[in-house]
Amino acid sequence: MSSSDDGGYVHDPAAFDADAADEQDDEPADERDEPPHPATVDREFDWRGWILIGVLCFAFLVAPTAIYLVPPGAEGYRFALLILPLAPALLLAITAVWATTRP
């Protein structure tokens, strides 16, 4: 089957672009599926931002200090090296996504 065969589909980019332009002209600008520009949205640093700051302090201050203070011969040394870095990383990732995705 070749592209000149009338029995199959032949993509014509010019016709596709013309159809898309006609459809957009029919819709008012308010009804298009375009997200608002970030500069036009009223966002301020609220409680979500403070929770994110708290998690950052935990991830960069509390967890490393706890890892540093657990001596190598202690019972929880393996826990300190494996779990203490993992928990703040997961908590920080989840909180960062939660704090930045809002309507």
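The values are calculated or read from the model by the stated rules, or taken from the named source; none is laboratory data. These numbers come from a predicted model, not from an experiment. These accessible areas exclude ligands, DNA and RNA; they are computed on the full protein's heavy atoms, side chains included. Shrake-Rupley method; radii C 1.70, N 1.55, O 1.52, S 1.80 Å.
Table for the structure above
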item: Checking TYR9 against (1) under 33 Å from the mean Cα position of the chain (by Cα); (2) modelled with pLDDT of 75 or more; (3) open to solvent by 100 Å² or more (accessible area, probe 1.4 Å), the condition it does not meet; result: (1)
item: Candidate set from segment 27-51 (those that are at pLDDT 70 or above and basic (Lys, Arg)); member that is farthest from THR95 (Cα to Cα); result: ARG43
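So that you can scan it fast, the table gives a plain yes or no per residue for (1) open to solvent by 100 Å² or more (accessible area, probe 1.4 Å); (2) part of a helix (DSSP H, G or I); (3) on the phi < 0 side of the Ramachandran plot; (4) polar (S, T, N, Q):
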| site | (1), (2), (3), (4) |
| --- | --- |
| GLU34 | yes, no, yes, no |
| TRP50 | yes, yes, yes, no |
| ALA59 | no, yes, yes, no |
| VAL62 | no, yes, yes, no |
| ILE67 | no, yes, yes, no |
| GLY73 | no, no, yes, no |
| LEU82 | yes, yes, yes, no |
| ALA87 | no, yes, yes, no |
| ALA93 | no, yes, yes, no |
